[in-house]
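The next block holds one structure in the form of structure tokens; read it before the comments.
Laboratory data are not the source of any read-out in this text; all were calculated from the coordinates shown. Since the model is a prediction, treat every value here as computed from it, not as a measurement.
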Amino acid sequence: MSKRSPRAQAFLKTRLTSAEIWFSRDVLEQASFTHLIARADRETSVPRTQQMSPKLIVDRWSQRQKEQYLERHFEHEISMLKSCTDSVLHYERIGDPNGILMALEGCLLHGRNLQEFFFKPRGKTSHPDTVLAYCFVQDEVQWERTRGPIGKWPWLRRIRDRASSELAHLSTTRTGGPHTWDCPSILNEASRLTLLFLSSLPPSYAGNRMLQDIKRRCGAIGRSSQRGGVVSTSQRWIHLSQALSGKP
């Protein structure tokens, strides 16, 4: 097992002993106590500035733990972005403005998570436990060069500038009038960045079948020529106004 701080070790020993729980060595080797360590830090009133950064935590994970994180959590974000984009197109075909906006919010939510993963500068996240792409890549400087500035990715930049606060709460930025979002373009940018990210991982990830499948799916998205999916946030308001006024 990876080394734990004396404080965390004492906490875990006390908790496990008091509950009279006994684990075999194999189970202990496989179990992740990240949440217990975080709890130990909270219960011992350790300032946030003294907590380990996500980079240090990820560096202590085994290779399999790192791969599992990407398989479960990173894959979830890119897959849900694809599903939400498909849902926007579906609701467009059947003419459901509420469904379109519901799917749009899902698209923006997962696009926002991926934008933060790819671009958020270390130490500048709103949550100190935010895992970022640089925690996994082989060469951080080369990754930033390969990825380029966020200005190179206009739709993800727009998500950063507008959607983040609007998704989180009712904000004054909503008063700027209707906004148009191109969901397939958001998905396309996220997919291209995913391919760059996966290509920037160390060679030890090369044999992972799930990551290879993600690469295959993102490559197919980049070759897609589907039309539609451009949504104006005023669509539901216009539809509702027409319904109340009796206009077709």
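Values computed for the structure shown
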item	result
Gained length - Asp96 relative to Arg145, 0.36 nm times residue gap less alpha-carbon distance	13.4 nm
For segment 151-156, Karplus couplings with θ = phi - 60° (6.51, -1.76, 1.60), whole Hz, Gly/Pro x	x, 6, 10, x, 6, 5
Length released on extending from Lys152 to Arg72, taking residue separation times 0.36 nm less the Cα-Cα span	26.0 nm
